[in-house]
Structures are given as structure tokens and as C-alpha cells.
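So the structure is just underneath, and the comments pick up after that.
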Amino acid sequence: MTATSISVRDLTLNFGAVSVLKTLNLDVAEGEFIVLLGPSGCGKSTLLNCLAGLLDITDGEIWIKGQNVTWAEPSERGIGMVFQSYALYPQMTVRGNLSFGLKNARMPQAEIDKRVARAAEILQIGPLLDRKPGALSGGQRQRVAIGRALVRDVDVFLFDEPLSNLDAKLRSELRVEIKRLHSRLNNTMVYVTHDQIEALTLADRIAVMRGGIIQQLDAPQVIYNKPANLFVAGFIGSPSMNFLHGATVDGGNAFELNGVKLSLEGYEGGAVGARAKAVLGLRPEHLEIVGAAEPGRTIPAVVELDEPMGADSLVWLQAAGAQMSVRVPVERRLARGAEVHLRVDMTKASVFDAGTEERV
Amino acid sequence: MTGQGPRGAKPRRRLSGRNIMLYGTLLFVSLYYLLPLWVMVMTSLKGMPEIRMGNIFAPPVEVTFQPWVKAWAEACTGLNCDGLSRGFWNSVRILIPSVILSILVASVNGYALVNWRFKGSDVFFTVLIFGSFIPYQIMLYPIVILLREMGIYGTLWGLVLVHTIFGMPILTLLFRNYFSSLPEELFKAARVDGAGFWAIYFRIMLPMSLPIFVVAIILQVTGIWNDFLFGVVYTKPELYPMTVQLNNIVNSVQGVKEYNVNMAATLLTGLVPLIVYFVSGKLFVRGIAAGAVKG
């Protein structure tokens, strides 16, 4: 177990009568890359601003590197922050932007020059040092913004949707670059995004948030394969998970919907128990289209349309009264109206209680 | 519509009825507004005998600058006979500290109201704006008492203080709106970079705020220069600003009415705001628009 870098304890934040963060707890290990993921308004950026000290919290404590920084100034917390809009000072050159924080800390000029040079080398912005932000492209600006956090030589990097303002190609380039930066510097990084691809590719652990509460905090693969509740299951994955509404019967050994019975044998959640209302979650890639029915393992379905997406193809079907999508190799074309059967890989499935929305 | 035939907007004749109407109206209105200026300039360049002949619209037969010289250096108000020059310099001495002080305080006000919101900052702002809806006349006498108690009644600094206070609502509103249009993340980034209240104000905000400062300067220079009420109430005769002195010259009831001197004096007094508008007209419009986008 490595040392704890950031520890958030019972953090609560209210804006007037509105509760934005609700007794939130989060521990981040040293060198860990945590992604805060969630839809707009879930409180992820708010949490990041609290960590940075840009918002005064209502209750709770924030510890960074073993120090209680709950009421410390942003500059005293040992953090560097990168913003969505880059937030570069327009009237200063790149060099001025990078050294502004160091000058405020009254650092000797020689040390400032050394640090700026190092950051410029790491981020490959050396030739841009004497330009103003207005003369830079979006990708270059975001590099400078990262550089501004880098020169501070801090333990914790905070990223507030840093790639959202970039076009798709630049976004994937910089995503790789951030990952490379992390493996080189080994800092603790907290990264806010609403883009699940960024979350899945970058994170050591993802915290999926909704309504000011962390819904699930786990490694990307666990979040993807074993979502803790219906919200996480529906939010992660594109195309999203298929949900079948039915009931668990036979003492929790089978799932029944519209007269079709599926055996829950092999389900990794353990004993499910009998529930009058349950939801079976199946990812499109965990279904297979077969020709013949296998009792207890397949669902009859009718093909509606298919969407070739380059590497593979997405087939939409009508099955047991629900619309479902299945991922198939792109060569496999299915005629509209074809009657097929879907074989379920129950080891990869998720079962949720329809009432509590929790995974069982 | 058929696919055949000419495309694009219908070509217009330059001398269409619409254009004649439009430009005719514009021309008429401009002439109407320029006429008084024409009369003033012409009259100020005439001698008194020529003025007595009537015909105020006619250009001078004999051009003389004597009225201008007299208005500036010789016209009498009360016991002083050194013309408007005394009032001019008084106005300058009132104007410069008032403009600097009011803009300095208001810009910091606006910056603090946007970026360093404190408990009750909204109430503070509302009260401040409310102040601009109260008629000046109601506050005239209470302020006399306040200034007297402070021992600066009848002094230049008393008037400077009054101008600074009365400029506060509109200027604070102006700066607040402008600062709230600047990206908030810049302010956050500067805080993470360890800059404090004044460092952010001077190093980050000020360099980005030139247009709004120009607007504020124009508003204040013209407003304070044109002020009559505060000048006449809160100062003494030897400290009267130019507007008050102009009034005293023009409205003097003794002797002959020297229309040419009066006209020259009026033009001299109006010169400062006029120059300000001509020099900065474009910036003024731009700044007002910039401040108006976000409220």
C-alpha cells in the first residue's frame, strides 16, 4: 500500500439551499491517476475546485500530502491546475505565463529559468516561449497550460476537462501525451472529464459521480464489467448496455422476461435471490447471434437494422419486447426482419434490483 | 418561384425615392442641430456693431478674435476680471483628482464584486445602484453638513470627494459588468499561481481592461467638466469651476450684453468634452458595447 496523497473526508458543499457535494469521501494514493467522471452538474468540477482551494467548502476536511489544507490558499496546497479554457494570461508571453507563479513565490531568476527550460523541453514548446497565447493553436495553448502546472514542481496535478475545447484528433494526441507525462513524472493526477474514453484510457481508478455522490470508485475494467448500479452501467460504454426488465425466478437461478427464461448459471455476482422486478444488463459485445435456440441460454430476436462502424458493426434487434444492440464483426451482414437468437454470456452479465437500482 | 430569371437581391437605383427620403431627413436633422453652433461661432467672430445690425446667420464681414481674448482673459465676474482662465484652471484642478480617484476606487469595487464575492456583496451592490436613482437635490444639503463637519466645505477637495462618491454607482456597474465578462478561469489560474488580491488586479486584470478604462475616463471627464450644481453649491467664488463662471459671465445684469464674448466663452467651456469625444469616439462606442454584453 503506497502513501496517501489526497484524502477527502466527509466533504460537504452547499450553495445556499442546494447541496452540491454530499459527505463525500475519497482517498487517492501517491502517483495514482484518478478520473472524476460524470454528466454535467454531477459535482465533479466542483470537487476539483474544492481540492484546489478555489471554493470554500461547507463541511469536512481535505488533506494533501499528510497536511490538512482545508483552509489553505490554493498556492499553498502543492497543486498545479490545468483548465478547460487554458486560462493563459493573454498579455504575457509563454515564458511569462510559465514563470508568473514562480515570480509570485519570489523564486530566484536562475531557478525560474531552469524550471521553464525543463518544462519547455518536456512539453516541446521551446520555440514558442516568446510568443503570446493569441499566436498559438489550441493544442499548443493547452501544452503551455500544462507547463504552467509543471514548473510549479508540485505533487498533485488537477485537470479540469483539459481536452474538451480541442478537436477530436488533437484530443486523442494530447490524451496520449498526458498519459506519457504521468508515467514520466509519476505525480498524483486528478482529472475531471465527461468523456468516458478519456476516463477509461487514462485512469488507474475512475470515480463515477452523480448528484454530488461518488457512485462507484474502481479500476476502469471493474467499472466497465461490474458496474455497481444502473446509472454507472448506463453511463459507461458506448453503445450503452442493453437493459432487460423482468424478474428473477426459480429461487434466483433464472431470469424471466415476457415468457423467455434465461438461466443465471455462471453469473459472477453469486446468489441473486428471487426478485419480482429485476434488470438484466448485457453489453453489446457479450451477446452472440446464433441461428438455433438453446433453451435457457438464448433470446429470440428479430433484426431491425445494422450500423457498420468500421472495425465492427452494430446490429439492432427487437428481442422479447425490448430493443437490443449486438456488436458483430463488420463482415457479418444481417437482413432486416431475419429471425435469429441471441446467446447470452452470463459470466459477463450484470443483474440489478429494479427498486434500489443496485447490482446484486 | 420558377427556376428561371435573375437571381440575387433586386438592384437599387441610387436616387430612389427611399434614398432621397432617407438622406433628405438626415441632412435636415443635421442642419437643424448644427445651426446653433453656426450662430455661436459666427457671432463670436463679430464685433458688437456688426451684431447690432441683426442677421445672426450671416458670416462676419470683419473677422475679429477680440471676443475670444476677452472671454478668456478679461471678462469680469464679481471682483475678478481675469476672464474664464481662472475657471478653466479650477476645473482642471477639480477634474484630474476626481477622475483618477473615482475610477481607481470604482474599478477595484467592480473587481472585488465579481471575483472576491464576500458575504453581503450582492446587497452592497444593490444599495450602491439604488443610490443612483435618488435625485441629487435630496442629498445636496445633507452633504453640505457632512462636508462642514469634515472641515472641507468650500474647498477643492470637498468637491473632489463629492464627485468621487457620485461617480461610484455608474462606474462600479460599468467595471463590474466588464470584469464579469472576463473568463473566470483566468482568475482561478492566477490564484493557483499564488497571486493575491492586488497582484491579480494589477498584473492580470488591468492589462486586459484598457477599453473599459477609456470609457470610464470619458464618462467622468465629460460629466465632471459639465457639472454645474455641485460646483456652485460646494465651492467658493474663487474656486468656481468653468461652468459656474461661464454662467456668471453670461448672466451678469450690469452693462451691455456682449453677445460675442458670451458666445466665445460658451465655446471655450464646451471645448474640453468636445475634444474628448472627437479623440476617443470609436473607443467609447467599443467600450460601452463591451460592458453591455454581459450583465
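Some notes on this structure:
Listed here are the residues, each with its yes/no results for (1) surrounded by fewer than 20 Cβ atoms within 10 Å (Cβ to Cβ); (2) of a type in the set (Asp, Glu); (3) outside any loop (DSSP other than H, G, I, E, B); (4) in contact (Cβ under 8 Å) with a residue 40 or more places away in the chain.
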site: A:Arg131; (1), (2), (3), (4): yes, no, no, no
site: A:Gly139; (1), (2), (3), (4): yes, no, yes, no
site: A:Val144; (1), (2), (3), (4): no, no, yes, yes
site: A:Arg148; (1), (2), (3), (4): no, no, yes, yes
site: A:Arg152; (1), (2), (3), (4): no, no, no, yes
site: A:Pro162; (1), (2), (3), (4): no, no, no, yes
site: A:Ser172; (1), (2), (3), (4): yes, no, yes, no
site: A:Arg175; (1), (2), (3), (4): yes, no, yes, no
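- The stretch B:204-247: number of residues that are outside any helix (DSSP H, G or I), within 29 Å of B:Val108 (Cβ to Cβ), over 18 Å from the mean Cα position of the chain (by Cα) and more than 14 Å from chain A (Cβ to nearest Cβ): 1
Yes or no, residue by residue, for (1) closer than 23 Å to A:Leu314 by Cβ; (2) crowded, with 21+ Cβ neighbours inside 10 Å; (3) among the charged types (D, E, K, R):
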| residue | (1), (2), (3) |
| --- | --- |
| A:Met209 | no, yes, no |
| A:Tyr224 | yes, no, no |
| A:Ser240 | yes, no, no |
| A:Gly251 | no, no, no |
| A:Phe255 | no, yes, no |
| A:Leu264 | no, yes, no |
| A:Lys277 | no, no, yes |
| A:Glu285 | yes, no, yes |
| A:Val302 | yes, no, no |
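- Top-ranked residue of the stretch A:76-88 - restricted to ones that are more than 17 Å from A:Ile6 (Cβ to Cβ) and surrounded by fewer than 23 Cβ atoms within 10 Å (Cβ to Cβ), ranked as farthest from the other protein chains (Cβ to nearest Cβ): A:Gln84
- Residue list for the stretch A:287-300, restricted to those being surrounded by 13 or more Cβ atoms within 10 Å (Cβ to Cβ) and either assigned to a loop (DSSP other than H, G, I, E, B) or not polar (S, T, N, Q) (or both): A:Leu287, A:Glu288, A:Ile289, A:Val290, A:Ala293, A:Gly296, A:Arg297, A:Ile299, A:Pro300
- The stretch A:50-70: number of residues that are away from every other protein chain (no Cβ under 14 Å) and touching a residue at least 60 places away in the same chain (Cβ under 8 Å): 2
- Check on A:Val360, in contact with a Lys or Arg (Cβ under 8 Å, 6 or more places away or on another chain), over 18 Å from A:Ser238 (Cβ atoms), modelled with pLDDT under 85 and not basic (Lys, Arg): yes
- A count restricted to the stretch A:256-301 and to residues that are at pLDDT 90 or above, within 17 Å of A:Asn225 (Cα to Cα) and of a type in the set (A, V, I, L, M) stands at 4.
- Options A:Leu47, A:Leu21: the member that is in contact (Cβ under 8 Å) with a residue 60 or more places away in the chain, under 21 Å from B:Trp116 (Cα atoms) and more than 11 Å from chain B (Cβ to nearest Cβ): A:Leu47
- Residue satisfying all of: in the stretch A:311-360; within 17 Å of A:Pro300 (Cα to Cα) and of a type in the set (Asp, Glu); nearest to the chain's Cα centre (by Cα) among these: A:Asp345
- Only one of the numbered conditions (1) within 13 Å of chain B (Cβ to nearest Cβ); (2) within 20 Å of A:Leu181 (Cα to Cα) is not met by A:Gly126, and that is (1).
- Identity of the residue in the stretch A:106-115, closer than 21 Å to B:Ile200 by Cα and surrounded by 13 or more Cβ atoms within 10 Å (Cβ to Cβ), that ends up nearest to the other protein chains (Cβ to nearest Cβ): A:Met107
- Residue match in the stretch B:184-192 (condition: out of contact with any strand residue (DSSP E or B) (no Cβ under 8 Å at 6 or more places or on another chain) and among the β-branched types (Val, Ile, Thr)): no
The values are calculated or read from the model by the stated rules, or taken from the named source; none is laboratory data. Here the structure is a predicted model, which is why all the values come from computation and not from measurement. So basically every Cβ, Gly included, is an ideal-geometry build from the backbone, and we count neighbours across all protein chains shown.
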